[in-house]
1. Within the set of pairs 6+ apart or on separate chains, which have a first residue in segment 14-40 that is under 23 Å from THR69 (Cβ atoms) and among the β-branched types (Val, Ile, Thr), a second that is modelled with pLDDT of 90 or more and crowded, with 17+ Cβ neighbours inside 10 Å, and C-beta atoms under 6 Å apart?
2. Could you check how many residues of segment 7-28 are touching a helix residue (DSSP H, G or I) at 6+ places or on another chain (Cβ under 6 Å) and not polar (S, T, N, Q)?
3. Among the numbered criteria (1) more than 14 Å from PRO93 (Cβ to Cβ); (2) aliphatic (A, V, I, L, M); (3) assigned to a loop (DSSP other than H, G, I, E, B), which one does LEU137 miss?
4. Can you tell me which residues in segment 100-133 are aliphatic (A, V, I, L, M), in a helix (DSSP H, G or I) and surrounded by 19 or more Cβ atoms within 10 Å (Cβ to Cβ)?
5. Would you mind stating whether ALA162 is without any contact (Cβ under 8 Å) to a residue 60 or more places away in the chain and closer than 24 Å to PRO105 by Cα?
6. Show me the helices (runs of 4 or more DSSP H) found entirely inside segment 14-80 where at least 3 residues are under 30 Å from GLY150 (Cα atoms).
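The values are calculated or read from the model by the stated rules, or taken from the named source; none is laboratory data. On a predicted model such as this, the values are computed, not experimentally measured, just so you know. Neighbour counts run over all protein chains shown; Cβ positions are idealised from the backbone, glycine included.
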Amino acid sequence: MSSPVQQKILDALLMTLRPLARALLRSGIGYREFSDMAKVAFVNVAAEDYGLRGRATNTSRIAVITGITRKEVKKIKDLGPGVLAEEFVQESPASVVLQFWHSDPDYMDAAGNPRQLEFDQGEHSFVALVSKYAGDLPSGAMRTELKRVGAIEELEGKKLKALKRYYLPIGDSDRLIIGLQDILAAAADTLAFNCDSNLVAGVDTRFQAVSSVDGVRPEHLPDIRVHIRQQLHAAADNISDYLMNYENRDNSSEQKNTQVGIGLFYYELGTKNIPDRSK
């Protein structure tokens with residue numbers, strides 16, 4: 001059972017995860033992949049930060065701290081701290097279905113291309129493909145989703161044709177990658193630093209502030225967006241010019257250089273500009 005403070009933290013975490021989940025789903029990344037990466041992060045941090053008397057944290061203690069099984073902890077530790085997503089993450093069922101439609105000989109033609117499949121007729125139908133590689137997920141729901149993202153098309157006679165090898169929903173994935181690397185990761189690092197009770201005496205917390213106002217009428221939003229964009233562009237250019245005075249690209253010395261920067265972004269909470277993706 002969570003303490004009142006922990007519950008407030010979890011409530012705040014849910015507020016953060018909801019928009020992140022929305023962005024991830026648009027790029028075809030579901031809970032399974034997210035969960036796997038979360039496990040890697042928890043194991044890595046527990047191993048790095050919770051050793052006793054200068055020794056590395058052992059598998060059993062990491063399991064106790066994180067709640068992840070010893071078997072999973074060992075698997076992640078064996079991969080090392082530089083683990084990448086493709087080395088650990090289980091792909092989404094939709095991705096797996098498309099992958100094996102392009103690689104399983106039972107579902108390929110003589111030229112090595114994915115065959116056109118009957119939905120539920122014959123030994124090697126779409127239903128059989130989904131059952132083989134996606135477990136008990138409904139074949140109808142899989143067909144609907146793959147059609148929605150343009151990965152397959154339904155031909156005359158109800159046959160299904162594979163158009164893509166990868167499951168990638170409609171969305172700007174490059175923008176998501178940049179946002180995760182350059183915005184969320186940096187903001188989370190600052191948050192973790194500022195919340196560390198072991199801050200060395202005399203070391204200031206990193207700047208972290210929000211300026212907001214409630215109750216803005218919708219008709220005023222376009223003007224606000226334009227003005228804020230102009231102001232933030234000017235502030236970003238000004239700070240970039242200042243930081244350039246300290247840039248050091250000489251990596252020949254043993255002293256490790258530090259990346260320094262700021263993050264500026266405009267937000268609206270409560271505004272629903274999200275397209276209907278349920279159809």
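1. If the second residue must be modelled with pLDDT of 90 or more and crowded, with 17+ Cβ neighbours inside 10 Å, no pairs are left.
2. 1
3. (1)
4. The answer is VAL127, LEU129, VAL130.
5. no
6. The qualifying helices (runs of 4 or more DSSP H) are 31-49.
Residues checked against (1) farther than 22 Å from ASP196 by Cβ; (2) at pLDDT 90 or above:
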| position | (1), (2) |
| --- | --- |
| ILE9 | no, no |
| THR16 | no, no |
| ARG26 | yes, no |
| TYR31 | yes, yes |
| ALA38 | no, yes |
| GLU48 | no, no |
| ASN58 | yes, no |
| THR69 | yes, yes |
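Here is a yes/no grid of residues against (1) surrounded by 10 or more Cβ atoms within 10 Å (Cβ to Cβ); (2) modelled with pLDDT under 90; (3) within 24 Å of ALA192 (Cβ to Cβ):
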{"site": "SER212", "(1), (2), (3)": "no, no, yes"}
{"site": "GLN231", "(1), (2), (3)": "yes, no, no"}
{"site": "SER252", "(1), (2), (3)": "no, yes, no"}
{"site": "ILE262", "(1), (2), (3)": "yes, yes, yes"}
